[in-house]
Amino acid sequence: MSSVIKARVTVTLKNGVLDPQGKAIEHALSGLGFGGVGQVRQGKVFDVELAETDKAKAEADLKAMCDRLLANTVIENYSVAIT
């Protein structure tokens, strides 16, 4: 019997990194009449399913995926949540 571990990986820009897409969204929201919107930062979300039973191995694999492909760790942070 195989088991599946599901995870959500959230990738966001590090503080201090310019976010032109977030700034464009912020201005668009204001233009649509949503007053009081502060700073907007955009990011990415990945939902990943792993055919794995060992939670620690799954977490290690997910970290490796982020470090090697899903996030540019020079300018982005990431978090992994096993669901």
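The values are calculated or read from the model by the stated rules, or taken from the named source; none is laboratory data. From a predicted model like this one, the values you see are computed outputs, not experimental measurements. A quick note on method: Cβ atoms are made from the backbone with ideal geometry, for glycine too, and the neighbour counts reach across all protein chains shown.
Tabulated data
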{"read-out": "Residues located in the range 44-53, provided they are at pLDDT 95 or above and surrounded by 12 or more Cβ atoms within 10 Å (Cβ to Cβ)", "value": "44, 46, 48, 50"}
{"read-out": "Any hit, the range 54-65, residues being part of a loop (DSSP other than H, G, I, E, B) and more than 12 Å from the chain's Cα centre (by Cα)", "value": "yes"}
{"read-out": "The range 61-83 residues that are in contact (Cβ under 8 Å) with a residue 24 or more places away in the chain, paired with ones that are in a helix (DSSP H, G or I) (beta carbon under 6 Å, 6 or more apart)", "value": "78/66; 80/62"}
{"read-out": "Matching residues, the range 6-43, being surrounded by 13 or more Cβ atoms within 10 Å (Cβ to Cβ) and under 15 Å from residue 65 (Cα atoms)", "value": "7, 8, 9, 10, 11"}
{"read-out": "Where a residue in the range 1-13 is within 8 Å of residue 50 (Cα to Cα) and charged (D, E, K, R) and its partner, wherever it lies, is part of a strand (DSSP E or B) and modelled with pLDDT of 95 or more, with Cβ under 6 Å and at least six apart", "value": "6/49"}
